[in-house]
Structure formats: C-alpha cells, structure tokens
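Worksheet: one structure, shown below.
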Amino acid sequence: MIIDEKKIWDTLAKKPSSEKALVEEILKKAMELKGLSLEDIPPLLRISDPELLDSLFTTAKKVKERIYGKRLVLFAPLYISNLCSNECVYCAFRATNKGLKRRALNYDEIKKEVELLVDQGHKRILLVAGESYPREGLDYILKAIDIIYSVKNRGEIRRVNVNIAPLKTEEFKKLKERHIGTYQLFQETYHRETYKKVHLGGVKKDYDFRITAMDRAMEAGIDDVGIGVLFGLFDYRFEVMAILQHANYLDSKYGVGPHTISVPRLEPAAGSKISEHPPFPVSDVDFRKIVAILRLAVPYTGIILSTRETAEIRRETFAVGVSQISAGSRTNPGGYSLDEEFDASQFSLGDHRSLAEVIEDITKLGYIPSFCTACYRLGRTGKDFMDLAKPGEIQNHCSPNALATFAEYLEDYAPENLKNIGYEMMEKHILELPSNLQEKARKMVQFVKEGKRDVYL
C-alpha cells in the first residue's frame, strides 16, 4: 500500500500536551538535514502562532541554503498539445470542454517554439501534453523530444523533462532512450474519494494506474521522477502527509526519493466551476507553510513553483524552500510564437513577466539564477544525486555551476542593465562560497567570458 489513509488521519489526530516545545524539538531535528518522520508533520501543520511560524520559515530557509545554496533553477514549460481524453473537472483541457480551442503542434511548430525559448536563454524545458496524442501516439512525444534537443541556435536545450500521461513499463523504456531528465506526474489528489469525484472519465479515472506510474518509470530505468499535488481539491494537511508517504515509499523501495515535488494551487480554468471556487482553498500563509514543511521533511528534493502564483507569492516561497521555478511561461500549444496566452491555456497564470524580468528580480533578491544541467549529463541522477544531496554536499557542485550558467546567460542574452546587475551580484556570491570553491567559480566564470560555453563541474 502506497497511501495509508487511516494512518494519515490517525497521525493527524494525535495532539501532544506541549505543542510549542514539540515544534521547537522538531525544528531542531530538521536542522540535521536528515528529514522528518510522518509523526513530526502534524505539529508543524497546526502552527498558527506568529512566532512559531517565523521559526518554521527561518528553519526552512536555512535547510534549503545548506543543501542547495542560494541558487534557483529556471525552466520553461513547452505545451505541444491540449488534446485530452480525460474528464478532470478542474482542467480546461478536459474532453467535454467544447469552448477550448484544440491544437497539437506539428513538428515544424514545435521546432519554432523551441527556437524562441532558446533565444530567450532557456536551457531546460518541461515538455507537457494533454493526455491524448495525434495519430502517431507516443511516437509523437518521442519525436518532439528529438526535435527539442536538435535545435542549436546561440544556445540549446540541455535537459528535457517530461510531464505526460502514465505509461506502461515498455513505453517508459522508450522514453528513457530519448535521454529525458525527470519524468513528472501529479496524482492531483491522494484522497481516493475526492479523486473519484474530480476524475469522471478517461484513463485518468484509474487511481492505482496513476499512482504506480513512478514504479514503472523506475523499473524502466528512469531514476529521476517528480510527484505533485493540486492543492485546493482536498484538505491540504492530508495531501502533505500523503505526498510524504509517497516519497517515503519510493525511497524505501528504490533507494531514491522523488527528484522533485511540485506544489501547484488550483487556479481558474476555462469552463471549470470548481477551479473558480476551490473546495478546500489554501491561504497564502498556509501555502508558505506547505512549502516550508516539505523542505524540512524531504530536504534533498527540489521543490517546483510554477507561474500559477503571483510574483509576490513566488518571492515569499523562494525564502522558505522553493528551488526550481518556471519563467516567462505559456500554458497553451504555440503560446510562445503566437502569444495566444489565454486562448487555449490549461489554467490562468499569476506571473506574466518575461524570463529577463524574473532573472533581474531574483538576482536583486540575492539568489543565483541557474540553468545548470550538469548532474543529468554527468550521470549524477537517482541514487548518485541523492548521495550528494542528502548530506548537503551537492551545493559544492550547484553553486559554481549555477554561477557559470548565469554568466553564460549574461554574456549571450541579458540586456546591458541586467548584465551589470548580474556581475555585481555574482562577485558577492563568490565571496560567500567556501574558500576552496571561490577560485574554481571565478575560473569557470572567466572561461565563459572568454567564449567557452557549457562549463560545469
């Protein structure tokens, strides 16, 4: 059993005699960077006292920076199709939504979208498609991946992550052969009864086939997987506990926990009443609390925040655990070339800024914008990655590599004002590195300035 609902409810129901003392003890434990047990989570979920909240957020920030340093990984979603055979009541792509303009990009259009993203400076793409494909079936996805990697302009896409429908093991092997990065799939809600109510048709109705997708991916050799919940469909306390059960299950069975956890909140989608009025709305404070708790519970895992959230909320969650963000996003097929942002989109966006604007913002906030793909390309995936991430050693690679990729962006794509801001902040970051890494980082940045590209440890 992957999700034990009774255990979740029983654990949530337990209350200690001294909540404050227990919370302080749990936060102290979290600073050991070894994660938290399920029994540790309910007291953190119950925090409402401002002083304890501040302690939670401060601890999460420290844990994140000890694992990953100050880097924020940037990527762009690439929607190639909104064809879908499922009936998910919260999604604009659902099969019965006749008001949505349906489109599957042809291969030339996919190439054009990629060229535009490369010209902005992107190095990572998350390929997304509705859960139905044109006549070619899965071959449509496989060919799209080949096209993405084939584009070579001033730069290129160095890592393609994939968010598509669950596959059979043999199909996952074909995906693995295309040298993808992370396979990403959201359960949406781990609560079976709610899952049944919001998934009314299509293959996605099958809760068990979906939740075991990561097992089949792992068995096929894809050892970087990403899981997630659509917060707002059910009680967020249950969902946090369930996603941690799923993470613990993967770690226990395969020796590798999820490479990423995504934390989208339900946002308005064309023709969806439930998305306009979430059954279990999550406040901004509770959302920050969710991110912070996940960071403490699974410190080794990348936490992804999309442009569903506003710029302000994104800034607040960077400080409590988020380590990967999308930027300049479009959620409709052809959105980068046609700029039809809302015509055929999956959901509404909260952050409409360009990649350059996002980079300037996070740079001024004191973070290092990172386009690094070194771990994937050096084979530091799955257990090899976790062996570095769990003890906090990965930042010895992450920080210098992030700086080198940021320098590449500044040299090749940044407006002049951003280039000046970027290099000024870069020197401050280098001085904050351990002494043994400062010279390495400076040399890597200098190599980029001299014309070398794709410099990494």
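Just so it is clear, none of the values below were taken in a lab; they were calculated from the coordinates. Small disclaimer: the values here were computed from a predicted structure and weren't measured. Heads up, the Cβs are rebuilt from the backbone with ideal geometry, glycines too, and the neighbour counts pull from every protein chain shown.
Where does the charge balance sit around ARG453 when Lys and Arg score +1, Asp and Glu -1, over other residues with C-beta under 14 Å from its C-beta? Present the calculation step by step, with values, prior to reporting the outcome.
Working: positive: LYS123, LYS152, ARG154, ARG158, ARG377, LYS449, LYS452; negative: GLU156, GLU408, GLU411, ASP412, GLU450, ASP454.
So the environment of ARG453 carries a net charge of +1.
In summary, the lysines within cross-link reach of LYS20, defined as a Cα separation below 30 angstrom excluding same-chain residues under 8 places away, comprise LYS6, LYS7, LYS28, LYS29, LYS34, LYS61, LYS62, LYS64, LYS70, LYS289, LYS390. What the Cα atoms of segment 31-175 give is an Rg and a Dmax of 20.6, 57 Å. Scattering from the chain was approximated by placing one identical point on each alpha carbon and applying the Debye formula without solvent; log10 I(q)/I(0) at 0.10, 0.11 1/Å stands at -0.69, -0.85.
Each DSSP beta bridge with both residues in the chain is either parallel or antiparallel, and the antiparallel ones are about 5%.
What helices in the chain pass both tests, a Cα length along the helix axis of 24 Å or more and a mean Kyte hydropathy of -0.5 or higher, using whole DSSP H runs? Could the numbers behind the result be given before it?
Values: long enough: 50-68 (27 Å, -0.37); 236-254 (27 Å, -0.30); 395-412 (25 Å, -0.57); 416-432 (25 Å, -0.78).
Going by DSSP H runs, the hits are 50-68, 236-254.
Using alpha-carbon pairs under 8 Å, 6+ residues apart, how would you state the relative contact order of the chain in percent?
On the way: 842 pairs, mean separation 94.9, N = 457.
Reported relative contact order: 21 percent.
How do LEU12, LEU244 line up, fewest other C-beta atoms within 10 Å first? Fewest to most other Cβ atoms nearby, the residues stand as LEU12, LEU244.
Cβ-to-Cβ counts within 10 Å put ARG237, ARG102, ARG71 in ascending order as ARG102, ARG237, ARG71, the fewest first.
Overall size of segment 280-399 from C-alpha positions, given as principal axis extents largest first: 45, 34, 29 Å. Note on LYS428: aspartates and glutamates with a C-alpha under 17 Å away, same-chain residues under 8 apart excluded, are GLU65, GLU360, ASP361, GLU439. Phi-derived couplings, Karplus 6.51 cos²θ - 1.76 cosθ + 1.60 at θ = phi - 60°, listed residue by residue for segment 88-105: 9, 5, 9, 10, 5, 7, 4, 4, 8, 7, 6, x, 8, 6, 8, 7, 10, 5 Hz, with x used for Gly and Pro.
Reported value for segment 122-218: 103 Å³ per residue, from the convex hull of its C-alpha atoms. Residues whose amide H falls under 5 Å from that of LEU127, counting only those 5 or more places apart or on a different chain, are LEU78, ASN161, VAL162, ASN163, with hydrogens built in the peptide plane. For the chain, list the cysteines whose Cβ sits under 4.7 Å from no other cysteine Cβ? If one checks each Cβ against the other cysteines of the chain, CYS84, CYS372, CYS375, CYS398 turn up with nothing under 4.7 Å. Residues GLU357, GLU32, arranged from fewest to most other Cβ atoms within 10 angstrom of their Cβ, appear as GLU32, GLU357.
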